[in-house]
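Okay, so here's the structure we're looking at.
The values are calculated or read from the model by the stated rules, or taken from the named source; none is laboratory data. Predicted model only: the values in this text are computed from it and were never measured. For neighbour counting, all protein chains shown are included, and Cβ atoms are generated from backbone atoms with ideal geometry for every residue, glycine included.
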């Protein structure tokens, strides 16, 4: 069965430092890949997505992610973290023929130190 | 354009009762998906409706059901509530349910079962 693993439950970084959140998937083929962010009391907001083509994807709020087929990974990065980036981040995958069904990782909570 | 709205935002029920949650998608969107979010299980797909038809279903018991109306509004119902049903229930809408187009999430309904 397909699955998504986010190895880090909680990460703390200093404001201005770089960030990398890890995501690995288990799938027979290359799925569609997504990163979402959830702030307290809010729904999920899409940061970026990968379907095909260039393996480095740019998203909103200065985030980017790199798809590595050989490692079954889709890690999220940001060169300089802002205090407002503190939130929970979810990696998700989907099959192209399963409509709107997303399979989510467990999430990584990001804290930002001043 | 108004976002996805969910009502009510908070709900407290007792075991054995039933509950109905409502989701109004973004105007023009025809696909609505529902997810359950709990600290232990994370985000799990419940079901997806497109043009009043259930197109996809997750691994939840039959106590969880849903429907979609001709105006694309959707409701989900949980009968015979159990303590473990306490969760944040999120709905997401998209234009046609194809993941090439973004899903937009609502703020969720927080259900507490006592």
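Data table
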| quantity | calculated |
| --- | --- |
| Total residues in the range A:12-38, condition under 27 Å from residue B:89 (Cβ atoms), away from chain B (no Cβ under 13 Å) and outside any loop (DSSP other than H, G, I, E, B) | 3 |
| Residue count for the range B:19-42, restricted to those that are facing chain A (nearest Cβ under 10 Å), assigned to a loop (DSSP other than H, G, I, E, B) and in contact (Cβ under 8 Å) with a residue 12 or more places away in the chain | 0 |
| Residue in the range B:51-66 that is without any contact (Cβ under 8 Å) to a residue 12 or more places away in the chain, over 9 Å from the mean Cα position of the chain (by Cα) and more than 11 Å from every other protein chain (Cβ to nearest Cβ) present | yes |
| Residue list for the range A:5-32, filter: within 22 Å of residue A:50 (Cα to Cα), at pLDDT 95 or above and in contact with a strand residue (DSSP E or B) (Cβ under 6 Å, 6 or more places away or on another chain) | A:5, A:6, A:8, A:19, A:20, A:21, A:22, A:23, A:24 |
| Matching entry among A:53, A:41 (being at positive phi, in a loop (DSSP other than H, G, I, E, B) and either away from chain B (no Cβ under 11 Å) or surrounded by 20 or more Cβ atoms within 10 Å (Cβ to Cβ) (or both)) | A:53 |
| Qualifying positions in the range A:57-114 - part of a strand (DSSP E or B), under 12 Å from residue A:13 (Cβ atoms) and away from chain B (no Cβ under 14 Å) | A:77, A:78, A:110, A:111, A:112, A:113 |
